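Shown next, in structure tokens, is the structure this report addresses.
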Amino acid sequence: MESFLKKGFKKHKAVGTDSVNGTKSLARAFAGRLKPGDTVALSGDLGAGKTHFVKGVAAFFGINEKQIVSPTFSLMKTHRGKQMQMIHFDFYRLKGLEELEKTGYRESLSEDKSIVFVEWPEIIKETWDDFTYMIRIEHAGDKRRSITIYKKNASKPGVKTKQAVHKKRGTK
């Protein structure tokens, strides 16, 4: 986690929630900051609430949250909202970058009307430069969670934004 954050992220917000609904509510508020092309990393132990966070964002974009399940076995799921598409990846079972490339991950980064979510980003270190936000969700006892939101610091020298990477590649 610490080496992940050295990739040019700064703490944006730290809050606590005391229920699943509290986590979803925080996620809905966070969703208002998102724009097409953003990629969000979700880090936390099993059962921390990563998928519940995605459900909250989905609700903000008019996607039925009941459709949102962890893509642990399918590796990727696409959900279409009214004006936004969400692509949800789970790296938990992946063995490396080569296996990830077969999922269509790279192609999803260039989708014009998409926001990409990745659970377990620490598993594929080669993707760390792709993320706009990093959300760390930790158990804080019972149903309480500590949620820290980090944002890529685009002004830090040497840190490439996703737009800069796409411009270099000649993609959107």
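Below is a table of values for the structure above.
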| read-out | value |
| --- | --- |
| Percent of Cα pairs exceeding the 28 Å cut-off, where the set is segment 2-151 | 11 percent |
| Among the listed pairs Lys10/Lys35; Lys66/Lys102; Lys13/Lys95, those beyond 29 Å (Cα-Cα) | Lys13/Lys95 |
| Packing-based ranking, highest mean first, of 114-126, 94-106 given that Cβ atoms within 10 Å are counted | 114-126, 94-106 |
| Inter-label distance for Asp45 and Arg144, nm, one decimal - labels placed 7 Å from Cα along Cα-to-Cβ | 1.5 nm |
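Bear in mind these aren't lab numbers, they're just calculated from the coordinates by the rules spelled out. Because the structure is a prediction, the values reported are computed rather than measured. Here Cβ is always computed from backbone atoms with ideal geometry, including for glycine, and neighbour counts include all displayed protein chains.
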